[in-house]
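What follows is one structure encoded as structure tokens, with my remarks underneath.
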Amino acid sequence: MPETPSPARLFPLFADLRGRRVLVVGGGTVATRKVEALHDTGALLRVGAPLLDPALAAQAADGRIEHLPGSFQPAWLDGAWLAIAATDDPQVNRAVAEAGEARGIWVNVVDDAALARVHLPARVERGPLQIAISSGGGAPMLARLVRERLEAQFDESFGALALLLARHRQRIVARWPEPAARRRAFERMLSGPLQGLLRLRRHIEAERLLDVELAPARAQAAPRGSVALVGAGPGDAGLITLRALRVLGEADVILHDRLVSREVLDLSRRDAERIEVGKQAGHHSVSQERIHALLIGHAAAGRRVVRLKGGDPFVFGRGGEELEALRAAGIDYEVVPGITAAAACAAYAGIPLTHRDHAQSVRLVTAHACEGEDRTDWAALAQERQTLAFYMGVSRLELVQSQLIAHGRAPDTPFALIENGSRPAQRVVHGRLTDLSQLARHHAVQSPALLIVGEVAALAGTLHWFGAPPLGAPGIALADAA
């Protein structure tokens with residue numbers, strides 16, 4: 001069996017096409033995509049084809065491109081600097097390639113790496129910043145996959161950063177004329193808060209910060225720290241947001257809850273200091289006041305701090321209290337939302353929180369408030385056709401069960417207990433409200449677990465898709481719960 005030749009080792013470069021003629025041969029969908037990609041380059045675009053698709057025809061009508069009607073003629077290449085063969089006829093594409101070769105014109109042939117002398121790479125564009133990816137024509141789908149991953153990694157702040165640095169390039173070179181010193185200065189600036197300000201659309205503050213950096217050499221002010229409250233989601237590392245991933249990659253210090261998964265923590269910088277400040281039922285390892293002091297202390301020392309919370313920081317996460325403390329101390333902060341446990345655990349258990357036929361509202365309740373000075377409106381919670389999601393309720397299941405039934409919720413109302421939601425060890429116990437505490441003891445349900453009460457909980461028995469099927473009382477059907 002003959003060996004497949006390796007893709008050519010290409011030399012990457014970027015071409016300035018302003019005022020240069022570019023010929024695109026073909027009038028269909030592929031040609032349209034190539035023309036669209038070329039519009040912002042300033043090239044003089046000529047499209048040759050018997051017919052143009054509507055998008056290209058409109059561009060020809062308003063003068064954005066020149067249309068050469070008919071079949072390909074080598075004379076179409078006269079004066080061209082670059083040509084792209086984008087037809088569905090291999091013979092026409094070969095003719096374009098051969099005619100271009102004879103004239104010393106660079107030719108790209110779509111989906112034919114052997115004929116092409118120029119390859120158009122997959123690109124990630126962020127303003128003037130461009131990242132080009134090529135597999136040498138041998139694996140275009142792989143290049144697209146890499147592009148998609150880079151698209152997610154490099155957000156729009158990189159474009160704003162590139163524009164900002166380009167505007168001040170002469171000042172930067174004048175400030176640090178030696179390349180080594182300039183490189184060190186760039187590393188310091190780019191590891192600081194500059195890009196974070198751009199990401200938050202605080203462009204004026206970013207300009208001021210750069211002005212400080214570019215000021216004549218003098219005693220540098222102490223670095224300014226900040227805090228990001230970040231939602232870690234329920235445990236599955238794939239559920240954190242792209243912004244959370246970026247912030248974790250920039251953190252110097254991470255204060256995290258006990259329930260934040262190891263997989264999420266491993267997404268942070270390896271040299272970041274990690275401090276567990278989590279709380280557990282019946283035991284507070286670190287007081288809330290101490291957490292405030294740690295956040296303020298590390299940020300005041302110029303560090304970038306991430307307060308990493310399970311779920312969402314503003315849903316039973318005391319995020320509001322922490323922001324109030326930071327604001328009072330004059331510390332810069334931002335909030336990166338996370339997927340809260342009710343949404344994530346219900347989804348991973350196959351339970352829709354709302355359903356047109358069975359639940360038109362959702363209530364998020366912390367079971368911590370159900371003891372002591374109990375101000376819970378049990379009568380409101382006991383109403384039918386609503387979904388209740390109880391957080392932190394494993395130790396209070398008997399109270400929740402008895403109060404709901406006492407205030408009018410039907411004893412046969414379905415429930416689902418979701419332990420370790422979204423994690424490999426996820427378990428779901430479901431049954432009827434009257435059996436809630438008994439089934440939880442029987443299956444030894446442990447924290448973290450979320451309790452869902454309502455007609456939709458019955459769907460856990462039929463719509464589950466992640467992990468093992470639900471445990472508990474079998475045979476609950478939606479018709480039985482209605």
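Details
- Fewest-first ranking of PHE158, PHE390, PHE415, using other Cβ atoms within 10 Å as the exposure measure: PHE158, PHE390, PHE415
- Counting other Cβ atoms within 10 Å as a rough exposure proxy, the listed residues ARG262, ARG94, ARG126 run ARG262, ARG94, ARG126 from fewest neighbours to most.
- Residue exposure sequence - VAL173, VAL30, VAL277 - by fewest surrounding Cβ within 10 Å: VAL173, VAL30, VAL277
- Relative packing of peptides 329-338, 36-45, 265-274 - highest average C-beta neighbours within 10 Å first: 329-338, 36-45, 265-274
- Alpha-carbon centroids, region 122-180 and region 186-257: separation in whole Å: 19
- Shape of region 1-152 from the C-alpha gyration tensor: oblate (a/c of 1.5 or more and a/b not above b/c, with a ≥ b ≥ c the square roots of its eigenvalues).
- The value given for region 157-214 is a Kirkwood hydrodynamic radius of 11.5 Å, derived from the mean inverse Cα-Cα separation.
- Rounded if a/c under 1.5, otherwise prolate or oblate - region 226-339, Cα gyration tensor axes: rounded
- Normalised contact order of region 198-356, rounded percent, pairs of Cα under 8 Å and 6 or more residues apart: 33
- Overall, the anisotropy analysis places the chain in the oblate class: the square-rooted eigenvalues a ≥ b ≥ c of its C-alpha gyration tensor yield a/c not less than 1.5, with a/b not exceeding b/c.
- Relative contact order of the chain: 9 percent, from C-alpha pairs under 8 Å at least 6 residues apart in sequence.
- Centroid-to-centroid separation of region 302-357 and region 8-73 [C-alpha atoms, Å]: 48
- Computed E for SER395/GLU276 - FRET, C-beta separation, R0 25 angstrom, nearest 0.05: 0.75
- Projecting label points 7 angstrom from Cα along Cα→Cβ for ARG202 and ALA114 puts them 5.8 nm apart.
All of the numbers you see were taken from the coordinates with simple rules; none came from a lab. Small disclaimer: the values here were computed from a predicted structure and weren't measured. Note that we place each Cβ from the backbone using ideal geometry, even for glycine, and neighbour counts take in every protein chain shown.
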